1. More than 30 Å from the chain's Cα centre (by Cα), open to solvent by less than 10 Å² (accessible area, probe 1.4 Å), closer than 26 Å to Gly301 by Cβ and of a type outside the set (Lys, Arg): is that true of Phe710 in this structure?
2. Please specify each residue of the stretch 800-809 satisfying the condition of being touching a residue at least 40 places away in the same chain (Cβ under 8 Å) and loosely packed, with under 15 Cβ neighbours inside 10 Å.
3. Where in the stretch 476-587 are there helices (runs of 4 or more DSSP H), lying fully within it, with 3 or more residues that are touching a His at 6+ places or on another chain (Cβ under 9 Å)?
4. Any idea how many residues of the stretch 542-597 are of a type in the set (Val, Ile, Thr), in contact with a strand residue (DSSP E or B) (Cβ under 6 Å, 6 or more places away or on another chain) and open to solvent by 20 Å² or more (accessible area, probe 1.4 Å)?
5. Identify the single condition in (1) among the aliphatic types (A, V, I, L, M); (2) surrounded by 14 or more Cβ atoms within 10 Å (Cβ to Cβ); (3) under 30 Å from Leu688 (Cβ atoms) that Leu817 does not satisfy, given that it satisfies every other one.
6. Given the residues Val527, Val517, Val513, which is the only one that is surrounded by 20 or more Cβ atoms within 10 Å (Cβ to Cβ) and over 30 Å from Gly442 (Cα atoms)?
7. Kindly evaluate Leu690 against the criterion of being at pLDDT 85 or above, more than 26 Å from the chain's Cα centre (by Cα) and buried (at least 21 other Cβ atoms within 10 Å of the Cβ).
8. Based on this model, can you work out whether Leu651 counts as closer than 30 Å to Lys331 by Cβ, open to solvent by 10 Å² or more (accessible area, probe 1.4 Å) and not in a loop (DSSP other than H, G, I, E, B)?
Amino acid sequence: MQGEEDKRRGAGVLDVGGLSGLTEEEAAARLERDGPNELPTQQKRGLWRTAFEVMREPMFLMLVAAGSLYLVMGEIGDALMLLGFVFVVMGITIVQEHRTERALEALRDLSSPRALVIRGGVQRRIAGRDVAVGDVLVLVEGDRVPADALLRRGLHLTVDESLLTGESVAVRKRPSADASALDRPGGDDLPSVFSGTLVTAGQAIAEVMTTGGATELGKIGHALRRLAPQPTLLQRETGRLVRRLAVVGLSLCAVVVIVYALTRGGTTTSWKEGLLAGIAMAMATLPEEFPVVLTVFLALGAWRISKSQVLTRRMPAVETLGAATVLCVDKTGTLTQNQMSVRRLRAEGSSFDLAGAPEVLPETFHALLEHAILASQRDPFDAMERALHAAGETTLTGTEHLHPDWALAREYPLSPQLLAVTRAWHAGGEGAAGELVVASKGAPEAIAELCRLGPGERAALEREVELLAAEGLRVLGVARGRRAERALPDEHAALELELVGLLGFADPLRPTVPAAVRECQTAGIRVVMITGDYPATARSIARQAGLAGHDQIITGPELDGMSDGELARRIGDVQIFARVVPEQKLRIVEALKAADEVVAMTGDGVNDAPALKAAHIGIAMGARGTDVARESAALVLLDDDFSSIVAAVRLGRRIFDNIKKAVAFIVAVHIPIAGLSMIPVFLGDWPLLLFPVHIVFLELVIDPSCSLVFEAEEPEANVMQRPPRDPAERLFTWGSLGVALLQGLSSLAVCLGVYLWARASHTVDAARTLTFVTLVVSFLVIILANRSFELTILGSLGRRNRALWWVLTGTVGFLALVVLLPGARTLFHFEAIHLVDLGLATLGGGACILWFEVLKIIRRGRHGRHGVRKGA
């Protein structure tokens, strides 16, 4: 009997106009009582845990070792200074970790699965964590069930429960109670659909019974805790480099200790001083900033991208964005606003334009609009069905063509085999005798199939469809019929109906799209539109959007008839794919990848998931996309706007550029530190120029510069005026490393020159002071120079970067204190110096990379101020 009940009631019970659900106040009270609907996750890292992890860092251990060694040598001031710096370094690291954690937490909140609920009689999309016990859920194909719930109403609902049971076969679900049970909350019923399972087909209304840790999934949550994120390609590459440099640093440390002690008599004092020199050498060569830069840049980069309405679900997508060469996008809702309106009606050889919302509709078109509304949900969520109801309320109110009292007898849902929806109604209400009124709407070719049109009639229909499509309208056909209830066939395609006419829907282009398309074109990115609409509709929208080559179109049927070789030959020239079904997107993606394109693909449905996974960057629609699509994608477009994708590409290029700038700075500044630490060891008559306290001071400049200054740097002016970077391009290229090496060697050469000049007429401590000032100033100049690989230092000063001025001001202020205050000079082994000498040292540090500024000017002149070129 239940099967007959399903057939009789069908999906009509999912017209949810009479359901109210919880009020917002009731939902808030239950969330306060039960807590958010989320599984137990890994605990946040507290202050003490973060501090303990900092204590295990090599730099921290070396600081403690150096401080302890100073205590053994009786240098209490030096020891206290170093141990004090330990807490400063710990504070900076904790602040960085907290900022990163906060960004990641914000992304986790955004990535919470969504749920469609009825609250206060209104359907609302909410975050899954905000679902409360008693909420009324609306479940459709592709949804992830947000909580354990009791199924109240349903149509052909099947659910994949493999997450809980391990069974790969989807399970058919039937309602557990009649509709009136929704008005009687509580009871002893057990849930019939479970949190985390996936709706693979059908629709349903369900009442939430348990949430969060009380769900079946929550009970096994300890085995399902969020896994640690996998390292990205950049992080793996950086990890290898850090490990190799760590081995080099420790080896040099041992060499420095031995050489220093043996060349200075091998006394106990020389061994202690040699240990200090070795620790300084190890601190100078260990690039512990690399992992920090990658972690901070990728986490904060994903957070910045989320501000452009694009959620990053997988970190490697941040790296890949800057390399994208093709953006494959849906037309509806991405290029257009998905704000449908019925624009044109065609029936009985006549046409009527609804532009301007006329209040009087000619009688010829009443039946067309009437049956289109009958073929729709009463309380629709679909944009086209909402447009039909709006048109009906405007033009049919007060006529006999609206039927709020009719009862639904049967629904034939849309299927891939027949792209139409048909509904059969009791014309006199529930239980009324007599014939059923049958109404169908869908793709014109599907309606032609149901109406059994002959070749001539089909050709005439296609001509009318082309006329509407050429105006950029989406076209639906409408059919009608009458049948006795018992005469309704089991198969949708077995119906025989009568053609009523055609509807043309207008969906205006988003106003931001033409500018975004132009930006893609200047950035060397192809925009490929994939749509299920007719070629003429697609061509009209492409023309409005400014897509190049809109005369060449491949349709879905043509795609099916193509060999892989023919598709490979044509894929590079075609910008539009029309009448495409979701399953064909995967073939398009594979063909583009075979042509060495880096592909970003948008999608929203269950059938889009394979293409989203196959693309280099899968982008799911956040506003209208299914949970399956979101889970398959690397990015989620929260507002479904094409311009947000382009903004994310721009940010992806900016992030990669800024990582390269930070890495170049790290390499450049470690060269003079290592050189000034090592050279005196091998020149027996030279005193040590840098002690651990000096290197700690320099680290206080390097760390904030890398993680704050370069991360916050604005994009280059030509970031979207150059081709996409080669995806095989490594972060540490010979070109970027070569520039960094030259910068570092220039700084080292100037520092050594200043030391030799000062040593001729000053004491050792005074020479050390001037050398250190030169070194710090050179670091600040390298920061300013590396802010832009295009603009000179003067040209980039107008670019906003608050972190830069904090770092510059703090560094200069601290340098002034250690040079001018007698107590600080003693701790740093400095000596008072004349202002003239200080000015010369400052000038030397500032001039060390003038060659790099000259190179920028020459390169800019060669390529033009806004010339297109490969990324720096």
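1. no
2. Matches in the stretch 800-809: Arg800, Arg802, Trp806.
3. 535-545
4. Number of matching residues: 2.
5. Just one mismatch for Leu817, condition (2).
6. On inspection, the qualifying residue turns out to be Val517.
7. No: the conditions fail for Leu690.
8. yes
The values are calculated or read from the model by the stated rules, or taken from the named source; none is laboratory data. Here the structure is a predicted model, which means the values were calculated and not measured. Positions of Cβ are generated from backbone atoms using ideal geometry, with glycine treated the same way; all protein chains shown enter the neighbour counts. Heavy atoms of the whole protein, side chains included, go into the accessibility calculation; ligands, DNA and RNA do not. Shrake-Rupley method; radii C 1.70, N 1.55, O 1.52, S 1.80 Å.
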